[in-house]
Every structure is written in C-alpha cells, then in structure tokens.
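The values are calculated or read from the model by the stated rules, or taken from the named source; none is laboratory data. Keep in mind it's a predicted model, so treat the numbers as computed, not measured. In this analysis, Cβ positions are derived from the backbone assuming ideal geometry, glycine residues included, and neighbour counts consider all displayed protein chains. All accessible areas refer to the heavy atoms of the entire protein, side chains included, with ligands and DNA or RNA removed. Shrake-Rupley method; radii C 1.70, N 1.55, O 1.52, S 1.80 Å.
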Amino acid sequence: MKRAVILADATAEELKDRLSYLAEVSPGTERALWRDFARLLDLLSEFPELHEEYARRLRRAVLKRWSLGVFYRTTERFVIVTGLMDLRRDPAAIRRRFGLHEEPATFASHPAMTLPHDISFGPDNKVRLPQRFNVAVPFIDRHLTEGRSDKVAIRTVHGEAVTFGALAERVNRAGNALLAQGLRPGDRLLMAVKDCPAFFYLFWGAIKAGIVPVPPNTLLRAADYAYMFEDSGCGLVVYSTEFAGEIEPALKQFPVKMLTVDAFLAEMAKASPQLEARLAAPTDDCFWLYSSGSTGRPKGAVHGHRDMVVTSELYGVRVLGVTDKDVSYSAAKLFFAYGLGNAMTFPLWTGSTAILDDRRPTPDTTFDNIEKFQPTLYYGVPTLYAAQLAALDQKPRQLDSIRACVSAGEPLPADIFRRWKEKTGTVILDGIGSTECLHIFIGNRLDDYRPGTSGKPVPGYEVKVVDDARQPVKKGESGALWIRAESAAKYYWNKPEKTAETMIDGWLNTGDTYREDPDGYLVYEGRSDDMLKVGGIWCSPIEIESCLITHPAVLEAAVIGQADADQLIKPKAIVVLKQAGGGGAALTDELTDLCRKSLAPYKYPRWIEYVAELPKTATGKIQRFKLRA
C-alpha cells in the first residue's frame, strides 16, 4: 500500500540511501532535483533525528529556496508525485496540508545572515554599535569587502542595473559633490527625487559626508515645499524634473540654492570616487522624514544613525527573513518610511536586490514588474491590493515568484486578505509602522498571522495600550497605542510642544487607538484624533475643509473618513451652502475639481453631502464624531 513520505521523516542514513538509488534510476532531467536534495542533506547530516527538529533547523535552507518534496513508496522504488514546493509561499498551510506539524514553526525568528563587523544585538534585541559610527559603512561600503562588488543592487524598469561596487563609488562621488556645493556636516539637503538610483546616491552620499538628507513626499504642492524649505533651513534642494511644476514655484516663494537631478549627476561625474566616512555617535542626527501633523503642517522627524540598523535587522531580517537571495519590489515609494525600508534599507542591509519603478503604481504596472523581475518580496498598501484584486478578476497574472506580500500605511481589511489568498495563494502580512518609528513595529508573520489585525509586536519593540491616565488597560479594552523602540525619532524639528506631547519618557504616543485580543494580536480601532489616512498617507481634514470653503457657494465644510466598497478609508465632505438647496451634480463636480487642483491628488473628497448645518459645540467647534456616527 502506498504511503506519503516526507524527507523529514527519515534519518540521514536513510536519506543517503534514497538519494543514491534515485540518482541511479532517474532520467537525466531529474538529476538536478536530486542534487538539490543532496545539498539539503549536507546541511542536515549532523542531525541524526530530523523529525521534531525539522522546522527550526531547516529554516536557513528554506530561506535559500531549497524545497520540500513529497514522495510515494512503491515496492521497488520512489517516484515523485508532486512538483517541488517552495515553503516560503505559505509554510503553515503546506505543513497543514501534509500533516507534518500541527504547531507553526518560526521560520524567520532568528537572523539568517552574518551581522556586519562591530554590530551585534543582545538577547533583549537591543543593538550594540561602535561609539563612533557612520551608518553608510554597513549599508554601502561593507559589500565591497564581503565580495558583492559585481552583484546587482538596483534594477530599474528603464533597464538600469547598478552593482554594489558602482553604488559605493557613486555614493562617494555624491558625497564629494554635495561638499563641493558648499554644504557642511550637519547641513540639510532636501531631495525631492523620484524612485531611481540617484535617490540612493544622494541619500547615502549625504550621510557618509555628515550631511542630513531630507526626502519629502513628492506628491505635495508648492506651498508645502516652500514651508519645508524654510522650516528645515536646507542649504540645497535637489529635485527630479518631473516635480518642477511644484518645486520651482516653491523656490520662488522661499529661494534656496537648487539643482536638478540631471545637473547634480553631472557634478557627481567630476567629483572624486574616494570619500572617508564622517563618524558620529549612533544617536546623532542622520536623516529626517517629514510627517503630517494635526494641523496639516508637516513635522520633521529627526532620526539617528542607528535607526535604519534596528528596523532592517529586527523587522527585515528577523520577521520577514530577508536574505541576500531575495529580490524586493515596493509599490510604496522611497519617500515613505515604509518604502524607504522596503526598497532601500532592507536590500542594502542584506546584500540583496531592489527593483525601482518611478511611475505611479497601478495594477498593470505592478503586475508587469512582478512578471518581469520575479521579486520574492512584494510591498503594497491596501488601496492598491484592492485595485489589483479587481484587475485579477479580469486577467490572471503570474505571481509565483513572491514568497511574501506585505501591507502597511492603513489597516488591511480582512476581506482583502481573504480574497488575495484565494486568488494568489500567498498571504498579505499586514502591519503598522510610522514615520516616527521608521518602519513596521507591529506585524503579522508568515507563520503567525491573523486577518483583520495588525499582528504582534516586532522583536525589540515594546508596546502598551493605555487609558487617558496613561495606565495600561486590560486585554480586550481599547486605549491609546504607545511604543518604545531604538528606531524612534529623537524629536520633531522646530516643534518642541508637539515633541513633548508625542514623545514621553522614552515612549512614543502613536495617536492610534488599539485593543489586544485574547491571543495577543493587536487590533486597530481608529485614530485618536481626526486625522485621515488615505492610500497610506496622512491628510488633515482641516486642509481639505479650507480648500472647499474657498468656493463662493460654500459656507462651511467638515471632512471625515468613510469606508469605500473595499472598506478602505477615503475623505467625505459634508458641506453647508450659502444658499440652501443649491447642491447638485454640477456643484459637486466643481468642488471635486477644486480640491484635485489645489491639493495633493489623494486628498480630494470621494463623496460630498449637502446639509443645512453642522453639529457644533457651544464654543463653535465642529463635532466630527457626530458626523462619523
């Protein structure tokens, strides 16, 4: 009688006998298969008992894409009856299907790579760094000494391929070119640059030279950029010409020395390819990311040198299991804290390859890139996953290369998780991160996920849910989410009051309301204030309201968040007109067009409702919670 046999059910000696026999009787086309298993056996030969130890000790092999075969015993020989299976697709589901283990194994719970010289993490997941340090060294320079000079670090949709060796040289040239422009250590470089290799050159060249790069949201308007120029006190603006329509008017409002990316690349070509890293303390200022505030004005979150080390190791390696064999593709752009990790710091930390696309992500462009470049890791946002699911209903796509999908920016509805898994066979690992914490600090994992939740805390991140008195609430009760982490921003630039309000005794008040379910998964329940997150980007209702009331027909307006058909939050405007009864389709189109032209494209209201009056407090403040109800 036939019975299923998993490789892990056998001892090392039995496996040797099986492989020898199969190598003799199999046709030549199958011999590569047995060679793969022989390599696997070499890794595991030191373990005489493989059954219970399988999940833990096979982790490294699995992450290197060695696979698990299922065989049937006949009276005389073994015959393969399934294709090779990549356990990284959904290891828990494959184990359940074949009854190998009931309990999920932690395939990526420990580092799968050697840490750079002089960097380590303790049992408490706290990082240990040299007293004098420049983060460009482990992210850029070390790949030369570790033999990756000829390996491709960046591929673009335009056919560019940048090796680690070329990247290191261009980073040095960029740092020297910035110094030649008159910037000095500690000065700020504002870089409104699309997703392209030049982003890497500028960002890391600045850091290596001791200059502070500041990559803003490239979807903003001129008034926002002018504010950032003034607020940051930047000494140079470098921008992609695609953004000239907003950057150049901003430069007229607040003049700053500027260069286009093309002009800067010409300066780079003349600069020296040698640059000594300027050392600093691990917590010294390294780079800024601007985050929207409750008034709609951006806030500059100041990050130190150690922060990218922490996120890349604790989430990138120890949760996602990123290795040098991975290829990462992020639809989220580099100016996001989320995209910065996905497409830049995680690949550079692990010596793997990143795919860059400077176009606006759509279902067609993202699917084309996945089919062409065969990434193993794909990073999106819920709004895009919803659009991709609709596209898959019309046309199937080949997504077999992907071992994990990740989502952040806004909560992932459980229904999108379910439909994506049904369509693609892969799970979407939802998580919550922030500009202030730099990347995801609570997340689901391949071997431990629950749809409709943000997951569990990332190793090394402390999480608490507190009441108004800042005391922890009981499990199951809602409260404010606070985080303590080594990757947290030090302060907001020029915002001492907001810093004091948000960063308290080493903890970061995220402004989100959460509860912890009985199994330890954290469930998002909304914002603690009225801010909206649309397409993964924060926007202020006040900013949209201010735009609406510039129309001569509008008396008052209030903006709230409303879920669309995919349960994703979008702005909804409730409008009071100067003349009652004038709200119709034509006016709705005018108001929508006004917002589209005046605001960043994701901020326009998707619905407009006309009412006679808005609910207000005795002092005249709009009661948005009543509108949401």
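Taking a straight Cα-Cα cut-off under 20 Å and skipping sequence neighbours fewer than 8 places away in the same chain, the lysines within cross-link reach of Lys578 are Lys616, Lys621. The heavy atoms of Ile574 offer some 10 square angstrom of accessible surface to a 1.4 angstrom probe.
Computed on protein heavy atoms with a 1.4 Å probe, the accessible areas place Glu146, Glu276 in the order Glu276, Glu146, largest first. Name the lysines eligible as straight-distance cross-link partners of Lys270: C-alpha to C-alpha under 27 Å, and not fewer than 8 places from it in the same chain. List returned: Lys151, Lys194, Lys208, Lys257.
Note on region 314-464: Lys pairs 8 or more places apart or on different chains, Cα atoms under 28 Å apart, count 18.
Measuring between their Cα centroids, region 114-177 and region 489-523 lie 30 Å from each other. Calculated accessible area for region 218-279 comes out at 49 Å² per residue, all protein chains present (probe 1.4 Å; ligands, DNA, RNA ignored). Solvent exposure of Asp285, expressed as accessible area, is near 60 Å², computed with a probe of 1.4 Å over the protein chains only. Would you be so kind as to identify which of Thr510, Pro541, Tyr449 lies farthest towards the positive end of the dipole of region 446-543, taking Lys and Arg as +1 and Asp and Glu as -1 on Cβ and the Cα centre as origin? My answer, from the dipole projection, is Thr510. Solvent-accessible area assigned to carbon and sulfur over region 196-341 amounts to 53 percent, based on a 1.4 Å probe. Computed about its Cα centre, the charge dipole of region 389-548 is approximately 600 debye, with only Lys, Arg, Asp and Glu carrying charge at their Cβ.
For Lys194, nonlocal amide neighbours, meaning residues 5 or more places apart or on other chains whose placed amide H falls under 5 Å from its own, are Ser240. Residues Val135, Val611, sorted by accessible area with the largest first, give Val611, Val135 [1.4 Å probe; ligands and nucleic acids excluded].
Once all protein chains are placed together, Glu525 keeps about 90 Å² accessible to a 1.4 angstrom probe.
Looking at region 461-583, the accessible area is 46 square angstrom per residue; that uses a 1.4 Å probe and ignores ligands, DNA and RNA. Of the residues Lys578, Lys325, the one with the largest accessible area comes first in the ranking Lys578, Lys325, computed with a 1.4 Å probe on protein heavy atoms.
Between His439 and Ser434, the built amide H atoms are under 5 Å apart, and every one of these is 5 or more places off in sequence or on another chain.
In a simple Cβ point-charge model (Lys, Arg +1; Asp, Glu -1; nothing else charged), region 496-629 has a dipole of about 480 debye relative to its Cα centre. For Gly526, the amide hydrogen comes within under 5 Å of the amide hydrogens of Thr513, counting only partners 5 or more places away or on other chains and with H modelled in the peptide plane. Using a probe of 1.4 angstrom, how much of the accessible area of region 493-629 is carbon and sulfur, in percent? Using a 1.4 Å probe with all protein chains present, region 493-629 comes out at 51 percent carbon and sulfur.
Between region 565-629 and region 348-416, the C-alpha centres lie 32 angstrom from each other.
Rg then Dmax, both in Å and based on the Cα atoms of region 387-438: 12.5, 39.
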